[in-house]
Amino acid sequence: MTVDSAMVGKAYLFIISAPSGAGKTTLCKALRKAFPRLVYSVSATTRCPRPGERDGRDYLFVSRQEFRQGIETGAWAEWAEVHGNYYGTPAAPIDKALAEGRSVLLDIDVQGARQLLERYPEAVTIFIMPPDLATLEKRLAGRGTDSPEVIARRLENARREIEQKDFYRHVIVNDNLEQTVSRLVGLVGGYLSQADSSSK
Ligand code: ADP
Ligand code: 5GP
């Protein structure tokens, strides 16, 4: 697929997935800083906020009942149960951004990425790999936000997620952070410059 045919209207939908702890949140923050016009899709989740996370900015923190209501009303463009909690992508803000010709960035898991590709087959999918599982475990422990049981569950899921990396259009190994940010900014920037030139 060419850069051009990856467009949804006049914009791009970037889907970033990675095993938990591989650095998605850190990398998405860097992308948002580099491209302030990129619309970040704020997911809804039933998990508890981590220290420093803010409702409406990092996630929409909802109850399980609210989440189930969203399923019934079709509020989620995709949803999945990850690590025992529900996560979903609100459909309305994505459709609004794309209709306005603004590109969107999503940080979602592998199951969600597969569902969204059915809705938006043109989406640009990017998989972030940890250098290896031992490093992933160290990063999860170093982040200091998850209990040993939660870390064990996330590592088990990581193995399964990495097996599915080949269905992503781009795979980037997050070894040295600075280098990864620069590769990712280069990749996304390449697509966005295409969107800019097509809207002129
Ligand atoms: P995710 O969102 O994928 O779960 P985070 O962005 O929270 O991952 O990163 C997990 C931890 O690893 C954080 O403490 C983060 O600062 C650290 N980290 C991210 N990328 C790197 C890297 N390239 N080298 C070392 N540490 C990293
Ligand atoms: P965390 O709890 O570490 O923030 O996220 C756990 C996992 O849920 C990550 O793999 C993340 O990409 C995924 N996730 C976050 N938001 C969504 C979403 O809206 N939908 C889906 N399917 N996965 C999500």
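Coordinate-derived values only; no laboratory data. From a predicted model like this one, the values you see are computed outputs, not experimental measurements. All Cβ positions, even for glycine, are placed from backbone atoms using ideal geometry, and neighbour counts span all protein chains on display.
Two tests apply to each whole DSSP H helix in the chain, Cα reach of 24 Å or more along its axis and mean Kyte-Doolittle hydropathy of at least -0.5, and the ones passing both are 177-198.
Note on region 66-93 and region 126-200: Cα centroid distance 23 Å, given to the nearest whole angstrom. Mean separation of Cα pairs under 8 Å and 6 or more residues apart, divided by the residue count, gives region 13-195 a relative contact order of 32 percent.
With the simple spin-label model, which puts each label point 7 Å out from Cα in the Cβ direction, the Lys10 to Ala91 separation comes to 2.5 nm. If you count Lys pairs in the chain whose Cα atoms are under 25 Å apart, skipping same-chain pairs closer than 8 places in sequence, the total is 15.
Mean silhouette area of region 13-195, derived from the convex hull of its C-alpha atoms and averaged over all directions, reads 10.1 nm².
Across region 166-174, rounded Karplus estimates of 3J(HN,Hα) from the backbone phi angles (6.51 cos²θ - 1.76 cosθ + 1.60, θ = phi - 60°) give 6, 8, 7, 6, 10, 10, 10, 8, 8 Hz, Gly and Pro being marked x.
Only Lys, Arg, Asp and Glu carry charge here, each on its Cβ (+1 for the first two, -1 for the last two); on that basis region 13-195 has a dipole of about 440 debye about its Cα centre.
Secondary structure note: in the chain, about 35% of the DSSP beta bridges are antiparallel.
What is the spin-label model distance, in nm, from Lys33 to Asp58 if the labels are put 7 Å beyond Cα along the C-beta direction? Distance between the two pseudo-spin positions: 1.7 nm. Arg32 sits among other residues whose Cβ lies under 14 Å from its own Cβ, and their net charge, with Lys and Arg +1 and Asp and Glu -1, is +4. In this structure, Thr26 and Ala141 have a Cβ-Cβ separation that, at R0 = 22 Å, corresponds to a calculated FRET efficiency of about 0.90. Place +1 on the Cβ of every Lys and Arg and -1 on the Cβ of every Asp and Glu in the chain, take the dipole about the Cα centre, and give the residue among Ile108, Gly74, Gly186 whose Cα lies farthest towards its positive end. It is Gly186.
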